[in-house]
Structures are given as C-alpha cells and as structure tokens.
Amino acid sequence: MVAVQVIVGGLLLGAIYALFSSGLTLIWGMMNFINFAHGEFVMLGMYAALMVVVWIGGGPAIFAIAAAVALAALGVAIYFSLIRHVTRGPMLAQILSTFGLALLLRYTAFWIFSANFVSLPQNAMSGTVNLGGIYLPIAQLVAGLVAITLTVALHLLLTRTTVGSKLLAVAEDRTAAMLMGIRPDRMQALAWGLSAGAAGIAGALMATSYPWSPSVGETFGLIAFVVVALGGFGSVLGSLYAGLIIGLIQSASAFWLGAIYKDIVVYGLFVALLWLRPQGLMGKT
Amino acid sequence: MKSIFSPRRRIALLAVALLLFPVVFSGAFARDIGVAFLLAAISASAWNIVGGYAGQVSVGHSMFFGIGAYMPLLFYSLFGWSPIAGIPVGIVLSIALAVVIGMPTFRLTGHYFSMATIAVAELIRIFVGTWDFVGAAVGLQGPATARGWWDLTFRSELPYYYIFLAVLGIVLATTAFIERRRFGFYLRAIKASERAARSLGVPVRRTKMQALALSAAFTSVAGSLYAAKTGFIDPDSGFGILVSVQMVIVAALGGAGMLFGPLLGALILIPLQIATNTWFGGGGSGLTYILYGGIIVVIARFEPGGLFELWYRVVPERWRRAYAT
C-alpha cells in the first residue's frame, strides 16, 4: 500500500513538472532558445499566488488564474523588451540574456521575500482524502489532475487549432510564415506568454501543497531541463510523459534511498541521457 | 615614431602596474582587493578560452573550480600532504570531467552544452554536499599554521599576490599564444559559424574538446589557488552557481573572446563587489547578485561584445589606429 501511495504521489508531482516543463519545451521548439529563467517563473508564480491570497483573498481557482495571468504578462513583456532583440544576436547574447534574467529575478525575490520558507494559508484544498486505502492530500490530487488537463490542453492547442498551426508555422520557417500573413513577432510573444503562464499556474498549483523559498527556482529550472531532455526538445506530449516519469523516479528515490538523494538521481539521469539518447524519448535528431 | 600606446608597450605598462601595485598600495585592504582581482581575472580568462574564443558558453565552470579547490585540501586532510600535491590531481580530474561533458554535448548545438554544464555543476555540488569523505556540507579545512612555504599558507597577502600574478601571466600568455596559431583561428571560425567551419575542414568537435580541456585545467588551478588562499572550502564556495556566474560576467563585461577582456571586467567588478559588500553589510551579497544579473542582461541586450567592443566602436579611428594589433 505504501508503494502505491509513493507511486501515486510521484505521478501527481510529475504532472506539475510536466506542466511547467511544457512551457520550456514550447520556447525551445518555437525559437530554438533555452530559457534559463524558467524555474524562476515557477517560483514567481508561487509568490504571485501567495500575494493574491494575502492581499486580495480568494480560493484556489482565483489565485491560480491570477498567477497564470501575471506570469503570462511578464513573459510577453520579457519577450518584447529582451528576447526579441537577442534572438538574432550571437549565441553568447542568447544564453546570457535569460541566464542574467534568472539571477536578477532570483536575487530580487530573495531581497523582497527573504530566504525563509513560506506556505499558503489554509484554503478550500486543505485536508486529505482516502481513496481505497491511499491517503492523498486533496491539494495534491486536484493540482495533479489540473496540471495534466492543462498540459494536454496545451498539446491540443498546438496541434488542433489555427493558432497552434500559426505557432508551428513560425517555428518551421519564419520568413515563409510571414509571407502567409502571420506575424512572427506576435506568435513568438504568444509563445512566451503561454510558456510563462504555464510556469505561473504550475507554481500556484504546487504552492497549495509544498512550502517554498526563492531558491526553489533553481531546482525547478533544472528539473525542467531534465524533463525536456528526456521528453525531447519541442515536444509537449514528450514532456508530459517525461514529467510523470521524473516525478515517479524522484518520489521513489526519495522514499527508498532518502530525501537528499532524489535530486542526485534525477540529475544523474540527465547526464546518462546526454550520453545515451541526447534527442530524448520523442525528439527528432 | 612609436606611440606610447603601441600594443607591446601597453602590455609592458600593464605588467609593471600589476607588479608595482602591492608595493605602492601596501595597506592590507588594497592588497586584498588586488588578490581578489587577480583570482577573478585568472578564472575568467580560463573561462574565456572556451566561452569567449570558441563561443561555447559554459554556465557551470564552477565544477572545474570546485575540483581544483577540493583536491589540495582533501590531500591535506587525508594524508597531511602539502596542498601543492593536489593541484595536478585537480587538473587531471577536471580534464577528465571536461571530456565526459564535451564528448556527448559537442555533437549538438551550443545551447545543449550550456544546459549540460549547469546541470552537471549542480549535480556535483549536491553530491559533494552529501559525501562525508569530502566533508559533506561542512567542507574541508587547510593547514591552519604553515609548516613551511610548501603549505602555501602565508600570513601576508604579498606572496599570494605574486603567485596569482604569475599564474595570470601564464594563462594570458597561453591564450595569446593560441590566439595566433591555427588553433586560435579554428576557435574563432567555430564561434562565427560552426557549419561553415566544418565545411572548410576545421575539426570542429576535436577543437571544441581541446578548448574545453585547456579551459578546465586553468579553471582548476584557479580553484586550487582560491583554496590555498582561503584555507577552507565548502560545496557552495567551490561548486555553487555563483562561482560560475562570476567567471561569465567578468569575461562578458570586459569582452568575451578578447585577451584582456577578463582583466577589464575584473577591474570594474571586483571593486564594485567589495564596495557593495562593505556598504550594505551582510545583505550586500544579495544586492551584488541583483546587480550582476542586471549587468548580464544589459550586456546581452545592448553590447554582447562587451566594453572593449564598445570602446572600439565609439573611439575615433585615428586614436584607435595606435591600438590595433
């Protein structure tokens, strides 16, 4: 029974990993661009949720949507003020831009919110539920299910709708898309909005069941790298599977090896992937 | 009539200034700044070989720095050997690690290399933090009192200053040497366009690998010097991401891929860092990194070539002629 509990808990955590990692993979697939500040977006989503609860009040639905909107706006703003200008520049500028952004956001958060761990106050999602002998926090269950739904929705948005086709067209060939009457700038800004928004809502969902501090951004950023590397760059569906797998591996290794080893196992997996299958599970070479 | 600013004289002038600095400014504080400046310049110059010249942006160079820092103190605490014994071991291990990372990632685009470096550095940091053999989270201590000069534990800053200066000289001389060789041209060709370089017969993967190995070896030495100077190392000061950040920003601010870029970057950033730490006390380090993040973003957005390139662009041509190498 304990094993089942560990597995279910891991999958639910993995669903949230999948959600924010799908944002990272979207940017990579669209623009061939790695966002080193992605984990910081998740961290800011958590603080956005906290600020909404403390200052405005409201249930999980309100602060989750507020976090998504706030981060989506931040993503679009960052695209127009920074990313748009560096994509055509040298590689150094591309990598430094989001790397510097990550530092800026992380240490500003340390400065404003301090390094202490915080958590959300009691809300509608507190408490546990008994599912045939498995005890699960309601928050974790709801967050995991919402995260899976949103990740699948993002996948469908990209593959089944006109907007998705436009996004993929810009990713495929910017100039050709422009000739078809698509505005690449708008589409890429939309991708940044979606990416940061996904990170924001994932942060808000995670905030319902885990305490956090500004330092979690670095951890989540690295987890997103591992998930994307496992799932394949640019594949949302791949990052869904990979997220679930990573969540599972992490919770299993935390339970059977000890909590301090869970990150070692996951990063070790990343190094192994580099050697064995650098294109990931569902990626193209 | 040679200008006083001819390249060779300029370098001689710089060397004399660096040699005389601790003699002229004999206060402990000034010498401390001098040593910090030299250490930042050494590690950023080492980073520059792969990150600047070859354009393979490593954001996890702390892994080599940390290995270099841990080895001397590990050998000291295990066997009581002189820290000097650990320096070559650190170099060998760093090169081995460079091969492990470079072999798979240099087949792929540069972004992949950057991601791999940051992930591996973090993996090592966490791993070292849980491994009792290397002191776990507490870290390792060096000799408290020197048994002889070979312990590299001096009470004055002066010996450190000149040792560091000599190492900086070696790193810069090596960089200047490869800058003019075929290898240096290969590096710049790869940076400009990997595909074009390959089509012209440049052995791309091998060249990138060699650049990373050379860079890793020098970074490891920088770490050893840091450990000898501080006499103490823990996972964060050896393998922490901020160690990597420091190398990247110092090189990028001055000018990545330029011989004296890291020197200029260190000349600006180290006094700035010490000033913010002094003025704002304990909270200052956080503020320093907000500032660092801001500076990195501004460089990336407006001046990826760094200050040297800005200088070359804004300074009138007739002045510039004297500087052209």
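General observations
- Exactly one residue out of B:Ser94, B:Ser82, B:Ser45 is under 12 Å from the mean Cα position of the chain (by Cα) and open to solvent by less than 50 Å² (accessible area, probe 1.4 Å): that is B:Ser45.
- Condition met for B:Glu157 (within 14 Å of another protein chain (Cβ to nearest Cβ), within 24 Å of B:Ala44 (Cβ to Cβ) and buried (at least 16 other Cβ atoms within 10 Å of the Cβ)): no
- Any hit, region A:5-13, residues being in a helix (DSSP H, G or I), open to solvent by less than 10 Å² (accessible area, probe 1.4 Å) and touching an Asp or Glu at 6+ places or on another chain (Cβ under 8 Å): no
- Neighbours by Cβ (under 9 Å, 6+ apart or cross-chain): first from region A:29-54, free of Cβ contacts under 8 Å to residues at least 60 places away in the same chain and part of a helix (DSSP H, G or I); second open to solvent by 10 Å² or more (accessible area, probe 1.4 Å) and of a type in the set (Val, Ile, Thr): A:Val52/A:Ile62
- Residue in region B:284-297 that is open to solvent by 60 Å² or more (accessible area, probe 1.4 Å), within 14 Å of another protein chain (Cβ to nearest Cβ) and modelled with pLDDT of 80 or more present: yes
- B:Pro104 vs. criteria without any contact (Cβ under 8 Å) to a residue 40 or more places away in the chain, open to solvent by less than 10 Å² (accessible area, probe 1.4 Å) and part of a helix (DSSP H, G or I): yes
So that you can scan it fast, the table gives a plain yes or no per residue for (1) surrounded by 24 or more Cβ atoms within 10 Å (Cβ to Cβ); (2) among the hydroxyl-bearing types (Ser, Thr, Tyr):
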position	(1), (2)
A:Leu194	yes, no
A:Ala204	yes, no
A:Ala207	yes, no
A:Glu218	no, no
A:Gly221	yes, no
A:Ala224	yes, no
A:Leu240	yes, no
A:Gly243	yes, no
A:Ser253	no, yes
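- If you go through region A:72-128 and keep only what is within 21 Å of B:Lys191 (Cα to Cα) and either polar (S, T, N, Q) or away from chain B (no Cβ under 12 Å) (or both), you end up with A:Thr87, A:Gln94, A:Ser97, A:Thr98.
- Look at region B:255-278: where a residue is within 14 Å of chain A (Cβ to nearest Cβ), no partner that is of a type in the set (Lys, Arg) and open to solvent by less than 20 Å² (accessible area, probe 1.4 Å) sits 6+ places away or on another chain with Cβ atoms under 8 Å.
- Output for region A:190-234, where each listed residue is among the β-branched types (Val, Ile, Thr) and free of Cβ contacts under 8 Å to residues at least 60 places away in the same chain: A:Val226
- Filtered residues of region B:205-242 (kept if aliphatic (A, V, I, L, M), within 24 Å of B:Leu172 (Cβ to Cβ) and open to solvent by less than 10 Å² (accessible area, probe 1.4 Å)): B:Ala211, B:Leu212, B:Ala216, B:Ala222, B:Ala227
- Region B:51-68, subset more than 12 Å from chain A (Cβ to nearest Cβ) and in a helix (DSSP H, G or I), residue surrounded by the fewest Cβ atoms within 10 Å (Cβ to Cβ): B:Ile67
- Within region A:246-265, tally of residues that are within 14 Å of chain B (Cβ to nearest Cβ) and within 16 Å of A:Ala15 (Cα to Cα): 2
- Note on region A:249-284: among residues that are assigned to a loop (DSSP other than H, G, I, E, B) and under 17 Å from A:Val226 (Cα atoms), the one that is modelled with the highest pLDDT is A:Arg277.
- Residue under evaluation B:Phe127, criteria (1) within 14 Å of chain A (Cβ to nearest Cβ); (2) open to solvent by less than 60 Å² (accessible area, probe 1.4 Å), criterion not met: (2)
- Residue match in region B:1-16 (condition: outside any helix (DSSP H, G or I) and of a type in the set (D, E, K, R)): yes
- Filter result for B:Ser215 (closer than 24 Å to A:Ser97 by Cβ and more than 14 Å from chain A (Cβ to nearest Cβ)): yes
- Picking from residues in region B:171-204 that are in a helix (DSSP H, G or I) and among the β-branched types (Val, Ile, Thr), the one that is surrounded by the fewest Cβ atoms within 10 Å (Cβ to Cβ) is B:Thr174.
- Restricting attention to region A:30-53, the residues that are farther than 17 Å from A:Tyr210 by Cα and open to solvent by 40 Å² or more (accessible area, probe 1.4 Å) total 1.
- So A:Gly232, is it at positive phi, open to solvent by 10 Å² or more (accessible area, probe 1.4 Å) and within 14 Å of chain B (Cβ to nearest Cβ): no
The values are calculated or read from the model by the stated rules, or taken from the named source; none is laboratory data. Remember, it's a predicted structure, so these values are computed and weren't measured experimentally. Cβ coordinates were reconstructed from backbone atoms using ideal geometry, including for glycine residues, and neighbour counts include every protein chain displayed. Keep in mind that these areas ignore ligands, DNA and RNA; they rest on the heavy atoms of the full protein, side chains included. Shrake-Rupley method; radii C 1.70, N 1.55, O 1.52, S 1.80 Å.
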